Amino acid sequence: MSGSVISGWGSALPEKVVTNAEFEARLDTSDAWIVERTGIRERRFGGTTSSLAIEAGAAAIEKAGLEPGQIDLLVLSTTTPDKTVPATSSTVHAQLGCSGAAFDLNAACAGYVYALVTADAMLSAGPGFRRALVIGSDTLSTITDMEDRSTAVLFADGAGAVVLEHREEAEPLVLASDLGLDGSLLPILYCEHGGYMKMEGREVFRRAVRATVESADKVLRAAGVSPDEIALFVPHQANLRIIDAMVQRLGLAPERSAIVLDTTGNTSSASVPLALTAAADAGRLAPGDLILFSGFGAGMTWASAVVRWGA
Ligand code: COA
């Protein structure tokens, strides 16, 4: 038996807080509409994808009690890279002082769950990699039209990270996973180079609920885990009503959801690790606890995983 454990975690949010009241003052919207339709009350804007990733990554490495040079695999999930070339993970790798390999992964807002599953598989594949830093970092405010009320109130910036360490005596980290995509749904959520996010909100909502519920149900069955055995549900933080619909349809305990979107908005790749980190910092996880991760995003991508918390 061998597997990986999550041995450290960290997060980073820009300093600038933007409340719903600030949008209310500028756009044809209201705090009441935003809270009722999304659950978002405030969000953070600022920083770059690499600077936020470095801050979150450094915090995760420190929490794990490691030096950056002991990290031999860096996977950065992002949909807003600093540059077209090179990958933003190159900047993060250099500035943190990591060893080994680094690459970016883009599966939009499902990206962090894709990255976690990918990194775990690479650690499990053989003697090549021992310690992975898995970061989700995005600066969606840079690709959002701040005059468009239908998207401006939703998207924001942040980063979160975990360290995975391969151990001979550990049980498998990922009990079951499901990564998927329906490319025919590309037109309902996209952003051209140099452009802004375009979204058919109602359709994304409908498809997201359907895809994530099917996918989560699949991994619960594959892992042989019933909904009441899930200690923490960590969904992509896009809309509280999407999360509520999932919780209800999957039969999960509502108080076991990790929610940060009220203060972060939708931070894409960062949303799942931000929610996980907040829950871990609040002492909501004990060794052996089972976590259900869920993500969805442009593409249209989705991802689910049942993971054992080992820290
Ligand atoms: N303030 C006030 N009214 C707004 C608004 C805002 N910020 N944004 C949209 N509206 C309006 C719409 O223009 C529409 O007006 P109309 O009826 O006159 O055309 C009305 O509210 C209802 O729009 P609708 O899109 O049906 O609202 P909704 O209840 O579906 O909520 C979203 C809109 C965007 C919050 C919701 O659809 C959603 O969250 N979808 C998923 C988006 C998502 O998760 N994206 C990220 C994927 S990773």
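The values are calculated or read from the model by the stated rules, or taken from the named source; none is laboratory data. Predicted, not measured: the structure shown is a model, and the values here were computed from it. Here the Cβ is made from the backbone with ideal geometry for all residues, glycine too, and neighbour counts use every protein chain on show. The accessibility values were calculated without ligands, DNA or RNA, using every heavy atom of the protein model including side chains. Shrake-Rupley method; radii C 1.70, N 1.55, O 1.52, S 1.80 Å.
The relative contact order of segment 3-167 comes to 34 percent, based on Cα pairs under 8 Å that sit 6 or more residues apart.
Heavy-atom accessible surface of the chain, averaged per residue, reaches 40 Å², computed with a 1.4 Å probe. Per atom type, the chain shows carbon and sulfur on 50% of its accessible surface, probed at 1.4 Å.
Restricting the GluC sites (Glu not before Pro) of segment 138-242 to loop positions (DSSP other than H, G, I, E, B) with no more than 14 neighbouring Cβ atoms within 10 Å leaves Glu147, Glu168, Glu169, Glu192, Glu200.
Within the chain, the whole DSSP H helices whose Cα atoms reach 30 Å or more along their own axis and whose mean Kyte-Doolittle score is at least -0.5 are 201-223. Short-range pairs are left out: with C-alpha atoms under 8 Å and at least six residues apart, the relative contact order of segment 174-308 is 39 percent. For the chain, the relative contact order comes to 26 percent (Cα pairs under 8 Å, sequence separation of at least 6). Once the dipole of segment 3-167 is set up with Lys and Arg at +1 and Asp and Glu at -1 on Cβ about the Cα centre, which of Leu133, Ser11, Ser30 lies farthest towards its positive end? Checked the options; the winner is Leu133. Name the most mobile residue of Ile143, Ile54, Ile291, meaning the one with the largest mean-square fluctuation, in a Gaussian network model of the chain with Cα contacts below 10 Å. Its mean-square fluctuation being the largest, the pick is Ile143. Each listed q (0.12 Å⁻¹) maps to a log10 I(q)/I(0) for segment 1-67 from the Debye sum over equal C-alpha point scatterers, namely -0.52. Using R0 = 51 Å, the C-beta based FRET efficiency linking Met1 and Arg241 works out to 0.80.
Largest mean-square fluctuation among Ser268, Ser226, Ser90, in a Gaussian network model of the chain whose springs join Cα atoms under 10 Å apart, belongs to Ser226.
Taking Ser77, Ser184, Ser294 in turn, the Gaussian network model of the chain (Cα-Cα springs below 10 Å) assigns the largest fluctuation to Ser184. Hey, what D do you get for the chain in µm²/s if you plug the Kirkwood alpha-carbon radius into Stokes-Einstein at 10 °C and 1.306 mPa s? In µm²/s, the coefficient is 83. Rounded to the nearest 500, the 222 nm mean residue ellipticity of the chain from helices alone is -10000 deg cm²/dmol, with -39,500 (n - 2.57) taken per DSSP H run of at least 4 residues. Ligands, DNA and RNA excluded, the heavy atoms of Arg131 present near 70 Å² of accessible surface to a 1.4 Å solvent probe.
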